[in-house]
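Heads up, the thing below is written out as structure tokens.
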Amino acid sequence: MAAGEAAAGGGDRMAAIDHFTLAASLGDNLRPRLARGLAFFGGGWYVGAAAEFDRILAGHADEPAALFWRGMAKWRAGRQQDALKDMDAAVSLDPLNPVFLANRGSLLTDLGWIDQATGDFKNAATFGEYDADVQGMRARFFAWRLKDLDLATAAYGRLVELTPKNSQLWLEYTMILLQEHDCRALIAAERMRAVCAPDDACQFTQSSRAYTDALEQLRLERSCPDPK
């Protein structure tokens, strides 16, 4: 298992799969088969991944991780309804798992079931407090699909706490705060500039007159203090 995990961490999926296959043949095969299925999934081999999780579930019918990842594989393969059945089963077995909830919320959004998705993303808040991927899914759902700026502001605030050196996320947070006419937009903009590399987020702020004008208008309208 250790050799497989090292190979996977180094990006050599084929070597990782070989190691996990050997580990599965030597004893209890649940953990190595899960890892093998995830290696298939990570490589974009969704049919193979689903088949691997099928084999796990044949002997461990109530294994929530296998159900969840089989659902993810089916979703990526375009089988949304089948995927939702697996995700529902996984959540019923592990209802506090923020990764399960947030991804099911994304699938429900894909299906157009926004009310149900909202419930999953709200429930993922506490359980996924320290998971940046979960907070990212929540923030973007609240901002762009639900269009609830209060919820989006809270989610983005937590997200930038978890990933303080990501200038793109600081930009997105700034844009939400600008829509809220919140003086914290000026602070977020300064934080973004402080961590800027020559990436798309910083190029946007340097070239967009509308962005700089919006920050200045907010500062004047609300008499915002100097963020420095």
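Every number here is computed from the coordinates shown, using simple stated rules; none is lab data. Quantities reported herein were computed from a predicted structural model and do not represent experimental measurements. All Cβ positions, even for glycine, are placed from backbone atoms using ideal geometry, and neighbour counts span all protein chains on display.
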Report task. List, in order, the whole-Hz ³J(HN,Hα) value for each residue of region 181-197 obtained from phi through the Karplus relation with A = 6.51, B = -1.76, C = 1.60 and θ = phi - 60°; use x for Gly and Pro. Result -> 6, 9, 4, 4, 4, 5, 5, 4, 5, 5, 4, 4, 4, 5, 10, 5, 9
Query - Helix-only mean residue ellipticity at 222 nm for the chain, each DSSP H run of n ≥ 4 adding -39500 (n - 2.57), per residue, nearest 500 - result: -23500 deg cm²/dmol
Query raised in the report: Rounded to two decimals, what is Rg over Rh for the chain when you use alpha-carbon atoms and the Kirkwood radius?
Result: 1.08
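What does the net charge come to around Y130 if you take all other residues with beta carbon closer than 12 Å to its beta carbon, with K and R at +1 and D and E at -1?
Numbers: positive: R158; negative: E129, D131, D133, E161.
Here the charged neighbours net out to -3.
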**Report entry** Cα-based helix-to-principal-axis angle, 114-127 vs the chain, degrees rounded to 10
**Finding:** 90 degrees
Requested in this report: Using a 10 Å cut-off on Cβ atoms, rank the peptides 179-188, 216-225 from the highest mean neighbour count down.
Outcome: 179-188, 216-225
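Of S208, S167, how do they rank once you tally other Cβ atoms within 10 Å and put the fewest first? Intermediate results must be reported in sequence, preceding the final value.
On the way: S208 11, S167 20.
Going from least to most buried by this count: S208, S167.
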Query raised in the report: Can you work out ³J(HN,Hα) from phi for every residue in region 68-74, in order, using Karplus 6.51 cos²θ - 1.76 cosθ + 1.60 and θ = phi - 60°, giving whole Hz and x for Gly and Pro?
Result: 4, 6, 5, x, 4, 5, 5
